[in-house]
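What follows is a single structure, written as structure tokens, with notes after it.
Here, each number is a calculation from the coordinates, and none is a lab measurement. The shown structure was predicted, so the numbers you read here are calculated from the model rather than taken from an experiment. Note: ideal-geometry Cβ built from the backbone for every residue, glycine included; neighbour counts use all protein chains shown.
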Amino acid sequence: MTALKEEIDREALWQAFSDETLLADLRDFVAKEIRPEADRIDREDYYPTEIVRKLSRAGYTNYLIEKEYGGSGGTYADAASIFEEIAVASAAVGISLITIFQAQTMLRKYGEESLKKKWLPKFGEGLLASYALTEANHGSDIRTLDTKAWRDGDDWIIDGEKHFITSGSAAEFYITLAETDAGVTVFAVPGDAPGVSIYDGENSATFGLRNGPHMNVVYDKVRLPADHMVGTEGKGVRQAATVLNHSRTLAGAISNGVSRAAYEDALAFARDRRAFDSRVLEFQGIQWYFSEMLTEIDSARLLVFRAASALDEDHQVIRWGSEAKLKAGEVATQVAVKAAQICGAYGITENAPFSRYLRDAKAYEVAGGSNEILKNTIGKFLMPVAGIEKKKPK
Ligand SMILES: Cc1cc2nc3c(=O)[nH]c(=O)nc-3n(C[C@H](O)[C@H](O)[C@H](O)COP(=O)(O)OP(=O)(O)OC[C@H]3O[C@@H](n4cnc5c(N)ncnc54)[C@H](O)[C@@H]3O)c2cc1C
């Protein structure tokens, strides 16, 4: 299957939105380091530490970090291409990078200088990180939390437990939320701080986006220096939402990578499989599936790259990012289903990759902002547009 897929003219199929040199180097890396491992990562559900460290050495995990902190100071448009190319091979590797990106974005946007100087350069050295918001009783709604934090002299003490934490089995650093007297607040927690532990909870194993169990993270009266409170006390929900609004575009890029992979595999199969003295691809009904899927994938890709430009321009980030993730997530699930259908019985076998594509695509319709929450967010954008609220949309 893989060999057949290599014959597809991908460059004709998928418009490039970034510099060809960047993409060529990355595609070589993906073909050599990620694609051969993708199926095993999914089946065995482990964090791909070696691959992520290699991606880091190649400069992909700190691509957006400013040069003064050791990064490349790259654009979101290029970052979207990077996430998409990686996810064509493995969405699990893609989401491993997303949690790193979320943690560093919180520091870049809201961290004190001392915190940025301490932690941001470490991302260039392969620091693995998680973005730990969700709790057993607080998922979409994080306006109140069971994890608490309080002052002890100059330090902070944080106490509680987080659930569903992606990359939690390997993380060396967490960005997390806890409630203080002023409200929900962001904290940076080193993984080796006394009192931090992880365990594989009852619901940690998911059927999609399997980069290791989505761990429970326990903070047992963990002591943190004053500058590890990130941003403004009590403004944690807004800060967390801002970071999510940035990562949603890249999550959309991952979903598009899954769509592309499913499309290419089905196209290779339909070209080579024969029925009724004809190639399956020559049946008009099958061509229509491919035409519809291509139109949908193109729409989702254009939206993601529009959203990435919005991030680079700092204009209408919330609207474009939400639309991009919503569209790309829905398209990936639909494409994975149709691609399996086109491949007949082979499409349903465990040997075929369509189960992984479908499970990854579906999981991303919940993780990082469910479809329903994205629609609510787009709905909020409409209020000032319709003149109901005065505040200008950002
Ligand atoms: C694969 C995966 C990885 C994850 N990784 C992380 C991670 O790294 N860090 C982290 O903090 N969390 C993570 N999560 C948790 C994820 O963020 C939550 O699952 C998500 O926020 C939804 O919360 P919930 O599951 O508690 O659903 P609930 O909040 O209980 O919602 C249940 C349903 O109701 C809908 N709903 C809720 N509120 C509204 C509303 N106002 N209007 C309309 N519909 C609504 C939801 O969309 C959902 O369909 C992950 C989840 C998955 C599946």
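Across the chain, the relative contact order, built from alpha-carbon pairs under 8 Å that are at least six residues apart, equals 16 percent. Just from its helices, what would the mean residue ellipticity at 222 nm be for the chain, if runs of 4 or more DSSP H residues each count -39500 (n - 2.57) and the sum is divided by every residue, rounded to the nearest 500 deg cm²/dmol? Only helices count here, giving -17000 deg cm²/dmol.
Across region 129-234, C-alpha contacts under 8 Å between residues 6 or more apart give a mean separation that, scaled by the residue count, equals a relative contact order of 32 percent. Listing Ile82, Ile318 from fewest to most neighbouring C-beta atoms within 10 Å gives Ile318, Ile82. A Förster radius of 56 Å, combined with the Cβ-Cβ distance separating Asp200 from Glu389, puts the computed FRET efficiency at roughly 0.80. Listed by chain and number, the aspartates and glutamates whose alpha-carbon sits under 16 Å from that of Lys327, ignoring those within fewer than 8 places in the same chain, are Glu84, Glu292, Glu296, Asp298, Asp360, Glu365, Glu372. Derived value for region 129-234: Kirkwood hydrodynamic radius 13.7 Å. Basis is the mean of 1/r over every pair of different alpha-carbon atoms. For region 66-95, the set of GluC sites (Glu not before Pro) satisfying both a DSSP loop assignment and a count of at most 14 other C-beta atoms within 10 Å is given as Glu66. A P(r) calculated from all alpha carbon pairs of region 35-152, with 10 Å bins opening at zero, reads 12, 38, 31, 17, 1 percent. Translational diffusion coefficient of region 238-385 at 4 °C, 1.567 mPa s, Stokes-Einstein with Kirkwood Rh over Cα pairs, in µm²/s as a whole number. Rounded to a whole number, D works out at 81 µm²/s. Rg ratio for region 30-69: its Cα radius of gyration over 2.2 N^0.38 Å, N being its residue count, equals 1.39. For region 259-300, the gyration tensor built on C-alpha atoms gives an oblate shape. Its axis ratio a/c (a ≥ b ≥ c) is at least 1.5, and a/b is not larger than b/c. For Glu350, neighbours were defined as the other residues whose beta-carbon sits under 13 Å from its Cβ, and their charges (Lys and Arg +1, Asp and Glu -1) total +1. When you count the other C-beta atoms within 10 angstrom of each residue and take the mean per peptide, 338-345, 21-28, 96-103 line up highest first as 96-103, 338-345, 21-28. Extents of the chain, taken as max minus min of Cα coordinates on every principal axis and listed largest first, are 80, 50, 40 Å.
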